[in-house]
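The values are calculated or read from the model by the stated rules, or taken from the named source; none is laboratory data. This structure is a prediction, so every number in the text was calculated from the model and none was measured. Neighbour counts run over all protein chains shown; Cβ positions are idealised from the backbone, glycine included.
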Amino acid sequence: MGTWLGTHHAMSERFLADALAAVGIARDRLVLSLANNHVLDQGIAGFEETLAALNRLGIRTVGTVGGGPVQRHAAGSLTIGFAAFTLWRNTGAAPFEERISMQTAEWPRDAMSGVDLTCAVPHWDWEFRHFPRKATRALARLLADKGTGLIVGHHAHVVQPIERIGDSVTAYGLGDFLGTALARLPWPARIGSIFV
């Protein structure tokens, strides 16, 4: 999982395993969204290597086309349906859309059957903006209207507001906790949040 420059960055298999162990996060309780604009930065081989590494680590993933629009995972006695998608991509449409979900709210109603909670995990909005755009807020309302109970967004790299929309809770952006660029960012941009 190296970069084009040949260096390993924050998400090498060893780094991820060590980081999770250091903060006490059990891998079998983790669900990781792969729906983001960087997932094919190392090409198809890098994507497949990432999937294999996460599988070896026992980390469940969401946001791939192969998993379907809503992917079910058990959390204790609950079944959570994760609908992870991205609005951004850094590569051509064909290889990306064959692998990564870009479906925003077009999943069929029956995709949510048997789910206790639907959680959308959108990779949306502009980077380094502390407040969501009007289009992002409109998409959050659409997701809430479709019965999504929890919306947890990312991509902005900064903390954005949390808003209640009907029975749904939307965290527009959780900021950054882990990354290689944190040392170069000024204080307010380095903040990450944990949503519990």
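Screening residue 105 with (1) under 20 Å from residue 168 (Cα atoms); (2) under 18 Å from the mean Cα position of the chain (by Cα); (3) at pLDDT 85 or above gives one miss only, at (3). Taking the range 96-140 as the range and being hydroxyl-bearing (Ser, Thr, Tyr) and either over 16 Å from residue 84 (Cα atoms) or not in a strand (DSSP E or B) (or both) as the test, the residues that pass are 101, 104, 113, 136. If we scan the range 111-125, do we find a residue that is of a type in the set (D, E, K, R) and either at pLDDT below 85 or on the phi > 0 side of the Ramachandran plot (or both)? Yes, that holds for at least one residue. Each residue in the range 47-77 was checked for being closer than 18 Å to residue 14 by Cβ and either part of a strand (DSSP E or B) or among the aliphatic types (A, V, I, L, M) (or both), and 6 pass. Among the residues of the range 44-65, is there at least one that is surrounded by 16 or more Cβ atoms within 10 Å (Cβ to Cβ), modelled with pLDDT under 90 and touching a helix residue (DSSP H, G or I) at 6+ places or on another chain (Cβ under 6 Å)? Checked against the condition, which is being surrounded by 16 or more Cβ atoms within 10 Å (Cβ to Cβ), modelled with pLDDT under 90 and touching a helix residue (DSSP H, G or I) at 6+ places or on another chain (Cβ under 6 Å), the range 44-65 yields no hits at all. Just so you know, in the range 75-92 the residues that are among the hydroxyl-bearing types (Ser, Thr, Tyr) and free of Cβ contacts under 8 Å to residues at least 40 places away in the same chain include one that is surrounded by the most Cβ atoms within 10 Å (Cβ to Cβ), and it is 79.
Residue by residue, here is whether (1) in contact with a helix residue (DSSP H, G or I) (Cβ under 9 Å, 6 or more places away or on another chain); (2) closer than 25 Å to residue 156 by Cα; (3) surrounded by fewer than 13 Cβ atoms within 10 Å (Cβ to Cβ) holds:
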position: 73; (1), (2), (3): no, no, no
position: 99; (1), (2), (3): yes, yes, no
position: 104; (1), (2), (3): yes, yes, no
position: 113; (1), (2), (3): no, no, yes
position: 118; (1), (2), (3): yes, yes, no
position: 121; (1), (2), (3): no, yes, no
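When you check residue 44 against the structure, is it farther than 30 Å from residue 145 by Cβ, out of contact with any strand residue (DSSP E or B) (no Cβ under 8 Å at 6 or more places or on another chain) and in a loop (DSSP other than H, G, I, E, B), yes or no? Criteria not met by residue 44.
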